[in-house]
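This report refers to the structure that appears directly beneath it.
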Amino acid sequence: MVKLKSQLTILLVLFISISYAQSKLTLHTEQTETKISKDIYGHFAEHLGHCIYGGIYVGEDSDIPNIRGFRDDVIGALKDMKIPVLRWPGGCFADTYHWKDGIGPRENRPSIVNVNWGNVTEDNSFGTHEFLDFCELIDADAYININVGSGTVQEASEWVEYVTSSNLSPMTELRKKNGREKPWDVKYWGIGNENWGCGGNMTPEYYADLYKQFATFTHGNLYKIACGPSEGDYNWMDVVMQKTARNWGLMQGISLHKYTIQTRNWGDKGNATGFGEKEWFETLHETLDMETLVTRHSTIMDRYDPGKRVGLIVDEWGNWFNVEPGTNPGFLYQQNSLRDALVAGVNLNIFNNHADRVKMANIAQMINVLQSVILTKEDEMVLTPTYYVFKMYSVHQDATLVPANLETGKYSYEGKSVPKVQASSSVKDGVLSVTFCNLDPNNSEQVEIVIPGSEYKTASGQIITGEKLNDYNDFGKTEAVSIKDFSVAKPKGEKLSVNLPSKSVVLIQFKN
Ligand code: AHR
């Protein structure tokens, strides 16, 4: 009898601890109203290292298969991933860039020094026409960043006219002379980049006045994006919004930059691949700050723009680690591991959940720089774990956010903790999609998904994970991290239970 009692007690404890360990996600499908802008899945390409030259553009005479100088393999991969928008030409490079250097016959274009990124020669062979041609090839909208720091209002005004106007003017005539009859449909224009730093070391008061001047003289039906703060510089957001947002028509968006960086001794940012659980935890812990930043900046924006007319544009985000050994420190070339996949998944879930204010985000940077989706080496190409997250999450593009309530435990490490599970959900064309991140590198997590009133009959899944927490894809090797099928049971009425493997990004889709 005593033995039976103790066995029952053990069973009860086991049952309680299993129930207790479970996370629960309740989806409120009846409360959907906010569209998730596809542009949250945007990218950024700067004249930096081998992002443009070598990554996107190899020139028409290259042995690497290309269309008008643009790599075939890269075009195919980006279209497959569904890239909605691409920001160019910087970054810090933007506030040193004079666009007229990059138009006309290539042999006549001047060479300049790329002072921000390794002092290398920039021959301007990739300019406005090439960028816009490339955007058309990959079916992406263009987002052009204007030079405020070292440019003039006239230069900015003429660039917009050259690209977008269909009227008769010196700029449109010049465009036609350079081979483009019709204007391009470019809606997004950034006015300055990091003008609190590399874009001129300005105060927010000074920048806000300059912004209004530049915005006044850039004509057309444009979506103009002001330079916003770095991370938690709430004063910058407050001043620029206060001085600018109420000038109806002058500002449609304001940017936010936040990199996930841990600077240790002597500028050591940690390695992109050879790391352990400590670095895994620290990176995820830090990247989750995005939630606080987006929430607090949105609250400030609400003060001046309660109707949420102005978009928060997170146009630089991602991991920033040490460059790979032996590479140019000014080129910011880093590998990309399963940890990057988790960072991408977590941030994209945050942006989805704040889709009422976040209207665009651009991971830095698209190819061969920082947290890239693609790495290239001569004629070879690697799709990184981050690439696969963007591909998997493309189901959320222009879908409607499904508000959710997530109850989950903590993954703790050396006295600090992060949520074990993080998620976002949306619905489109009758398909309900939920993306989960299991941040715990050691334990799987049972999640009960509850959809009150659900009539979904089937569910399917996909997963991105690896054997080791620092697995990555490399040139000439079999891919270690990619999208795999993930089998799930049939929903039981309103409920479905899924077991998320440790260190994984998972998509579950419900259909009727
Ligand atoms: O993405 C690299 C650099 O980071 C960008 O040029 C700049 O805007 C930011 O500081």
Task: Single residue of LYS457, LYS503, LYS477 found to be surrounded by 11 or more Cβ atoms within 10 Å (Cβ to Cβ) and either outside the structural domain of LEU383 (by TED's automatic domain parsing) or touching a Gly at 6+ places or on another chain (Cβ under 6 Å) (or both) - done: LYS503
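Grab the helices (runs of 4 or more DSSP H) fully contained in the stretch 138-249, keeping just those with 1 or more residues being within 16 Å of the ligand (Cβ to nearest atom).
Fully inside the stretch 138-249 and qualifying: 204-216, 234-244.
Please go through the stretch 173-190 and give me each residue that is open to solvent by less than 80 Å² (accessible area, probe 1.4 Å), over 15 Å from GLY104 (Cβ atoms) and not small (Gly, Ala, Ser), ordered by number.
So the first thing to find is which residues in the stretch 173-190 are open to solvent by less than 80 Å² (accessible area, probe 1.4 Å), and the list is 174-176, 178-180, 183-184, 186, 188-190.
Filter once more, keeping what is over 15 Å from GLY104 (Cβ atoms): 183-184, 186, 188-190.
Answer for the stretch 173-190, where residues must be open to solvent by less than 80 Å² (accessible area, probe 1.4 Å), over 15 Å from GLY104 (Cβ atoms) and not small (Gly, Ala, Ser): PRO183, TRP184, VAL186, TYR188, TRP189.
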Task: Which numbered condition ILE75 fails, given (1) over 21 Å from HIS43 (Cα atoms); (2) away from the ligand (no atom under 16 Å from the Cβ); (3) surrounded by 14 or more Cβ atoms within 10 Å (Cβ to Cβ); (4) not polar (S, T, N, Q) - done: (1)
TODO: Would you check if THR260 is at pLDDT 95 or above, crowded, with 20+ Cβ neighbours inside 10 Å and either among the β-branched types (Val, Ile, Thr) or farther than 30 Å from SER424 by Cα (or both)?
DONE: yes
Open item on the list: For the condition in a loop (DSSP other than H, G, I, E, B), surrounded by fewer than 18 Cβ atoms within 10 Å (Cβ to Cβ), of a type in the set (Asp, Glu) and modelled with pLDDT of 95 or more, what is the one hit in GLU324, GLU286?
Closed with: GLU324
- [ ] Mind listing whichever residues of the stretch 307-321 are within 12 Å of the ligand (Cβ to nearest atom) and assigned to a strand (DSSP E or B)?
- [x] ASP315, GLU316, TRP317, GLY318, ASN319
TODO: For the stretch 410-419, indicate whether the set of residues that are within 21 Å of the chain's Cα centre (by Cα) and within 18 Å of VAL505 (Cβ to Cβ) is non-empty.
DONE: no
Task: Qualifying positions in the stretch 73-109 - touching a Gly at 6+ places or on another chain (Cβ under 8 Å), farther than 16 Å from GLN365 by Cβ, without any contact (Cβ under 8 Å) to a residue 60 or more places away in the chain and not polar (S, T, N, Q) - done: HIS98, ASP101, GLY102, ARG109
Task: Among (1) within 21 Å of TYR304 (Cβ to Cβ); (2) free of Cβ contacts under 8 Å to residues at least 60 places away in the same chain, the one test that THR172 misses - done: (1)
Open item on the list: Every residue in the stretch 480-500 that is open to solvent by 20 Å² or more (accessible area, probe 1.4 Å) and under 21 Å from the mean Cα position of the chain (by Cα), please.
Closed with: ILE483
- [ ] State all residues of the stretch 242-257 that are without any contact (Cβ under 8 Å) to a residue 60 or more places away in the chain, in contact with a helix residue (DSSP H, G or I) (Cβ under 9 Å, 6 or more places away or on another chain) and either open to solvent by 50 Å² or more (accessible area, probe 1.4 Å) or outside the structural domain of ALA361 (by TED's automatic domain parsing) (or both); if no residue qualifies, say none.
- [x] LYS243, ARG246, ASN247
- [ ] List every residue pair whose Cβ atoms lie under 9 Å apart, where the two residues are 6 or more positions apart in sequence or sit on different chains, the first residue falls within the stretch 300-321 and is assigned by TED's automatic domain parsing to the domain that holds TRP266 and at positive phi, and the second residue, located anywhere, is within 16 Å of the ligand (Cβ to nearest atom) and open to solvent by 10 Å² or more (accessible area, probe 1.4 Å).
- [x] GLY318/TYR259
Open item on the list: Looking only at the stretch 263-320, count every residue that is in contact with a Leu (Cβ under 6 Å, 6 or more places away or on another chain) and of a type in the set (Phe, Trp, Tyr) and tell me the total.
Closed with: 2
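Out of GLY91, GLY104, GLY149, GLY59, I need the residue that is assigned by TED's automatic domain parsing to the domain that holds ASP185 and more than 25 Å from TRP189 (Cα to Cα). Which one? Full working, then the answer.
Values: GLY91 fails: more than 25 Å from TRP189 (Cα to Cα); GLY104 fails: more than 25 Å from TRP189 (Cα to Cα); GLY149 fails: more than 25 Å from TRP189 (Cα to Cα).
Only one candidate qualifies: GLY59.
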Task: Matching residues, the stretch 332-361, being within 16 Å of the ligand (Cβ to nearest atom) and among the hydroxyl-bearing types (Ser, Thr, Tyr) - done: TYR333
Open item on the list: Yes or no: the stretch 335-356 includes at least one residue that is touching a Gly at 6+ places or on another chain (Cβ under 9 Å) and either open to solvent by 10 Å² or more (accessible area, probe 1.4 Å) or in a loop (DSSP other than H, G, I, E, B) (or both).
Closed with: no
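Among what's in the stretch 90-121 and is closer than 13 Å to LEU48 by Cα and over 26 Å from the mean Cα position of the chain (by Cα), pick the residue that is farthest from the ligand (Cβ to nearest atom). Walk me through how you get there before you give the answer.
Just the residues of the stretch 90-121 that are closer than 13 Å to LEU48 by Cα, to begin with: 90-94, 96-97, 113-121.
Narrowing the set further to residues that are over 26 Å from the mean Cα position of the chain (by Cα) leaves 113, 119-121.
On the way: VAL113: 16, ASN119: 15, VAL120: 14, THR121: 18 Å.
Going through the qualifying residues, I end up with THR121.
The values are calculated or read from the model by the stated rules, or taken from the named source; none is laboratory data. Keep in mind it's a predicted model, so treat the numbers as computed, not measured. So basically every Cβ, Gly included, is an ideal-geometry build from the backbone, and we count neighbours across all protein chains shown. Only protein heavy atoms, including side chains, enter the accessible area calculation; ligands, DNA and RNA are left aside. Shrake-Rupley method; radii C 1.70, N 1.55, O 1.52, S 1.80 Å.
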